[in-house]
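Asker: Structure below; questions to follow.
The values are calculated or read from the model by the stated rules, or taken from the named source; none is laboratory data. Computed from a prediction, not measured in an experiment: that's the story for all the values here. Cβ placement follows ideal geometry from the backbone for every residue including glycine, while neighbour counts extend to all protein chains displayed.
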Amino acid sequence: MVAHSDLDDPNVREVIVVGGGMAGLSAAIYLGRAQRDTLVIDSGHSMAKWEPVVENYLGFRHGVAGEQLLKNGRAQAKRHKVRFAHDEIKNVAAGKSIFILKGKKKSYRCQRLLLATGIFHRPPEIPGVNECLGHSMFFCKDCDGYRVRGKRIAIIGQNNETVEYALGMLDYSACVIVATNGKKRVWDKQHARWLEEYEIPVARQAVRDVDHRRRKIRALEFAGGQSVKIDYLFTTRGDIFYNHLAKKLGAKIDPEGQIRVDQCMRTNVPRLYAAGCVTPANCQMIIAAGQGAAAAQAINRDLFEDSLATHSLRRFRAAQLDDEKTVPEVSKTNRKGRKK
């Protein structure tokens with residue numbers, strides 16, 4: 001229950017959203033349209049920026065740049081009076097009825113907090129790879145398998161997931177190899193049998209360099225001097241989940257590092273929500289946006305129920321009764337339904 005002093009404090013926002021990616025912006029739009037006092041704190045590091053063309057987002061049949069999606073979402077949220085702060089939150093604490101956030105630039109306070117902090121896909125430690133991110137080097141077969149169909153594909157990695165990626169890519173291309181980049185193979189015997197059964201070659205040498213032109217990969221160059229021509233590269237090196245704020249507040253984290261949430265995006269910590277790729281959802285932009293919307297709806301309902309419990313809605317209604325017309329005009333009509 002929110003104390004009246006907090007409700008009256010103009011420096012306490014109803015909602016703060018940490019993260020200005022797809023989940024955070026979607027939530028902000030819904031909260032703004034619900035006329036909630038909402039602040040989005042964005043460090044500017046959304047992974048959507050890596051995507052030059054998003055081909056599977058509903059409504060864009062020719063694709064759309066991730067940067068453009070972010071720009072559109074931000075403008076849409078601002079249209080509904082959502083405010084933005086460019087800052088990076090370094091610490092957070094929960095008070096009796098509010099959250100206190102400390103950023104690099106200033107501190108913030110709010111009644112409800114939504115963490116949409118996202119993840120970071122780790123590129124392989126190979127020279128020349130970073131220049132190709134989002135153009136010919138990818139992380140997600142579900143997002144980008146379709147665009148590489150019929151091409152020469154390499155999967156960098158050495159675990160079961162690497163093998164499953166390679167097997168899954170056979171739906172899109174006949175030419176698929178696995179490159180362990182000189183690391184010890186840790187896939188199990190069943191996955192080794194699948195590699196053999198489906199005749200997927202494995203390159204065990206360390207990758208010395210990536211030959212590329214204008215962000216398009218042409219070949220992997222190995223330490224032994226061998227070169228293998230490929231068109232696209234995928235990696236399963238792993239993700240870093242930005243969950244440190246959730247951990248500070250005592251939210252439950254699963255073994256992979258994802259913030260545990262229920263169907264309404266609530267964590268186990270009262271008044272704390274999480275949405276997007278930092279949760280166990282499949283990390284797709286459109287799924288993150290949907291989670292953000294679901295979180296916003298739940299937060300709005302939570303605040304409404306709080307206003308009934310604290311009788312704060314009565315104060316809002318009292319102002320309406322004093323200053324505004326609250327009863328529709330009534331006019332008489334004749335038997336034919338026309339106004340007299």
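Asker: Which ranges mark the strands (runs of 3 or more DSSP E) fully within region 171-281 that have 2 or more residues being basic (Lys, Arg) and out of contact with any Pro (no Cβ under 6 Å at 6 or more places or on another chain)?
Answerer: Output list reads 207-213, 216-222.
Asker: Looking for something of a type in the set (D, E, K, R), in a strand (DSSP E or B) and out of contact with any Leu (no Cβ under 7 Å at 6 or more places or on another chain) - is there at least one such residue anywhere in region 143-153?
Answerer: First pass over region 143-153, keeping only residues of a type in the set (D, E, K, R): 144, 147, 149, 151-152.
Of the ones still in play, those that are also in a strand (DSSP E or B) are none.
Among the residues of region 143-153, not one is of a type in the set (D, E, K, R), in a strand (DSSP E or B) and out of contact with any Leu (no Cβ under 7 Å at 6 or more places or on another chain), which makes the answer no.
Asker: Being more than 14 Å from residue 162 (Cα to Cα) and either buried (at least 17 other Cβ atoms within 10 Å of the Cβ) or out of contact with any Asp or Glu (no Cβ under 9 Å at 6 or more places or on another chain) (or both) is the filter here; which residues of region 197-218 pass it?
Answerer: Filtering region 197-218 down to residues more than 14 Å from residue 162 (Cα to Cα) leaves 197-199, 205-218.
Passing the criteria: 197, 198, 199, 205, 206, 207, 208, 210, 212, 213, 214, 217.
Asker: Here is a further query. Check residue 187 against each of (1) under 26 Å from residue 120 (Cβ atoms); (2) touching a Lys or Arg at 6+ places or on another chain (Cβ under 7 Å); (3) at pLDDT 95 or above and name the one condition it does not meet.
Answerer: (2)
Asker: From the list 138, 99, exactly one residue is crowded, with 22+ Cβ neighbours inside 10 Å and not assigned by TED's automatic domain parsing to the domain that holds residue 45. Which is it?
Answerer: Among 138, 99, only 138 is crowded, with 22+ Cβ neighbours inside 10 Å and not assigned by TED's automatic domain parsing to the domain that holds residue 45.
Asker: Can you spot a residue in region 303-322 that is more than 30 Å from residue 120 (Cα to Cα), modelled with pLDDT under 95, not aliphatic (A, V, I, L, M) and not in a helix (DSSP H, G or I)?
Answerer: Looking through region 303-322, at least one residue is more than 30 Å from residue 120 (Cα to Cα), modelled with pLDDT under 95, not aliphatic (A, V, I, L, M) and not in a helix (DSSP H, G or I).
Asker: Of all residues in region 46-72, which are touching a residue at least 60 places away in the same chain (Cβ under 8 Å) and of a type in the set (Gly, Ala, Ser)?
Answerer: Selection gives 46, 48, 66.
Asker: A further question follows. Select from region 275-321 the residues that are under 10 Å from the mean Cα position of the chain (by Cα), surrounded by 21 or more Cβ atoms within 10 Å (Cβ to Cβ) and small (Gly, Ala, Ser) and list them in ascending order.
Answerer: Passing the criteria: 275, 276, 288, 289, 292.
Asker: Okay, next question. So which residues in region 65-84 are of a type in the set (A, V, I, L, M) and surrounded by fewer than 16 Cβ atoms within 10 Å (Cβ to Cβ)? Working first, answer last.
Answerer: Step one: of region 65-84, the residues of a type in the set (A, V, I, L, M) are 65, 69-70, 75, 77, 82.
75, the sole residue that qualifies.
Asker: Can you tell me which residue is modelled with the highest pLDDT among those in region 207-237 that are among the acidic types (Asp, Glu) and closer than 21 Å to residue 147 by Cβ?
Answerer: So the residue we want is 231.
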